[in-house]
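Note sheet for the following structure.
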Amino acid sequence: MKSERLSDLLKSSPFAFASHQIILDENGLPIDYRYLEVNPAYEKMTGLKEADIIGKTILEVFPGVKNISFDWIAAFGSVALSGETKIYEQYSEPLGKWFQVQVFSQEKGFFSTLFTDITTRITMEKKLGVKEANFRELFNSMMDMVIVASKDGKIIAANNATYDKLGYTQEELSEKGILEIHPYESKEEARKIFDLMLKGKMGRRGVHF
C-alpha cells in the first residue's frame, strides 16, 4: 500500500522523476545505466516517452552521451554505488536544456533522479552577467570621477578615473567615507550636497576636488 501511494505521488509530482539501474564493467566501473521508471513530468520535461525508453539504457537512448562534456554515467554511478545523495546543475547537450538534478540511491546498484528545468534561470543569469560586464566597462571608461556610496557615506565602488586622480587603491578607498576624501575647504559643501541627495532633492551635481 505504501509503495502504491508513493507511486501515485510521483505520478502527480511536478518534478521529473526517473529510476535507473547502473550497469558495470568487469572491473566494477559504471559504463551505462538502464531506465526502470519515469513519471509524466519527466516525459514532459525531456520530451522522452516512457514507452520508448523503459528497459533501454542511456547509451541506447542517447548513443553519444559519452562524448559530451559532463560524464552523467560516472556521476550517477558514483551515487548508485556509494548511496550518497548529490545535486548537480548541468547542461544536457542531447536535450538542449539546463537541469538541476538531485540524485539518490535507496539500494546499491540503483539510483533515482529528480529533475528541475532551470534553463530560464541560467539564461537570465547569463544575460545579467553580460549587462553587468557592459556596465562595468562603461563605468571604468568614464573620464570623470564616479563614486558610489551608501546612505551612511561609506564608499561602495568607484571607477578607474577616481583611483587615478585621487591616488588611492581600491582597498584604501573602500575604507574611507565619502566626506573623508574631500579637501578641507570643500568638505562642508560636500556634506550639504550629500544630505540633499539622500533626501532626493538634488539631481546630478559634483564637488570640485
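The values are calculated or read from the model by the stated rules, or taken from the named source; none is laboratory data. All of these numbers come straight from a predicted model, not from anything done at the bench. Neighbour counts run over all protein chains shown; Cβ positions are idealised from the backbone, glycine included.
So how many residues does the range 43-70 have that are assigned to a helix (DSSP H, G or I) and either among the small types (Gly, Ala, Ser) or within 26 Å of the chain's Cα centre (by Cα) (or both)?
Adding up the residues that qualify gives 8.
State which residue is surrounded by the fewest Cβ atoms within 10 Å (Cβ to Cβ) when the search covers only the range 1-43 and only residues that are at pLDDT 90 or above and polar (S, T, N, Q).
Filtering first and then ranking leaves Asn27.
Quick check on Ile73: is it under 28 Å from the mean Cα position of the chain (by Cα), assigned to a helix (DSSP H, G or I) and modelled with pLDDT of 90 or more?
The answer is yes for Ile73.
For the range 76-87, give me each residue that is loosely packed, with under 15 Cβ neighbours inside 10 Å and part of a strand (DSSP E or B).
Ile87
Every residue, every condition in (1) within 30 Å of Asn27 (Cα to Cα); (2) not assigned by TED's automatic domain parsing to the domain that holds Leu24, yes or no:
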site	(1), (2)
Ser82	yes, no
Glu89	yes, no
Pro94	yes, no
Trp98	no, no
Val103	yes, no
Asp117	no, no
Leu128	no, yes
Thr162	no, yes
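Do you know which residues across the range 115-144 are out of contact with any strand residue (DSSP E or B) (no Cβ under 7 Å at 6 or more places or on another chain), more than 19 Å from Ala158 (Cα to Cα) and assigned to a loop (DSSP other than H, G, I, E, B)?
none
Would you please name the residue that is nearest to Lys108 (Cα to Cα), looking only at residues in the range 46-64 that are surrounded by 16 or more Cβ atoms within 10 Å (Cβ to Cβ) and in contact with a Phe, Trp or Tyr (Cβ under 6 Å, 6 or more places away or on another chain)?
For the range 46-64, the residue satisfying everything is Ile58.
Kindly list, by first and then second residue, each pair from a residue in the range 59-76 that is farther than 18 Å from Asp25 by Cα to a residue that is of a type outside the set (Ser, Thr, Tyr) and assigned to a helix (DSSP H, G or I), limited to pairs with Cβ atoms under 6 Å and residues at least 6 apart or on different chains.
Val61/Ile53
Here is a list: Val130, Val148. Which entry is free of Cβ contacts under 8 Å to residues at least 40 places away in the same chain, under 27 Å from Ser92 (Cβ atoms) and among the β-branched types (Val, Ile, Thr)?
Step by step, each of Val130, Val148 is checked, and only Val130 is free of Cβ contacts under 8 Å to residues at least 40 places away in the same chain, under 27 Å from Ser92 (Cβ atoms) and among the β-branched types (Val, Ile, Thr).
Please work out if Ser19 is under 15 Å from Lys108 (Cα atoms), of a type in the set (S, T, N, Q) and under 26 Å from the mean Cα position of the chain (by Cα).
In short, yes.
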